[in-house]
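Note sheet for the following structure.
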Amino acid sequence: DDDNSVAIVAAGGVELFVAMARDGTEAQKENAAGTLANLAMNDDNRVAIAAAGGIEVLVSLARDGNERQKERAAGALWNLSDNDDNSVAIAAAGGVEVLISLARDGTERQKELAAGALSNMIEVASGTHEGVVEAGGVAVLS
């Protein structure tokens, strides 16, 4: 629930989950990415996750993680990409290419989540529209 997610963020939870997604065990990385995805459903939390360095960590996990980590990271990036500044940060962190790769070659769930993020980056974020199109994102979404 939204009140709980705001309380988690206020208590410093974002920094903890970003650190776990970066440096934790395999299970901790997966669970932390899933928690960040849930927290990123709130507008203010999206900003907090980005400020804590979460975008770079999640892009890295979506690229280099195991299948479940990639799935959870893609879900988090989808939710984060609903914010224009975050979409620009995802692109700057190399996320467009990672998301296109998942949308093209990932599991069915990874494809769905990555496509959602790319769609947001095309439709919601004017600052990333051209970059996604130029990188072949529209072809993957077609």
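Numbers for the structure displayed
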{"quantity": "Yes/no for D3 being open to solvent by 80 Å² or more (accessible area, probe 1.4 Å) and not basic (K, R)", "calculated": "yes"}
{"quantity": "Failed item in (1) within 27 Å of A10 (Cα to Cα); (2) modelled with pLDDT under 95; (3) not small (G, A, S), with V132 passing the rest", "calculated": "(1)"}
{"quantity": "Out of E71, E56, sole residue that is acidic (D, E) and surrounded by fewer than 22 Cβ atoms within 10 Å (Cβ to Cβ)", "calculated": "E56"}
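The values are calculated or read from the model by the stated rules, or taken from the named source; none is laboratory data. As the structure is a computational prediction, the values presented were derived from the model and not from experiment. Because the Cβ atoms are built from the backbone with ideal geometry, glycine has one as well, and the counts that use them run over all protein chains shown. The area values use the complete protein model at the heavy-atom level, side chains included, leaving out ligands, DNA and RNA. Shrake-Rupley method; radii C 1.70, N 1.55, O 1.52, S 1.80 Å.
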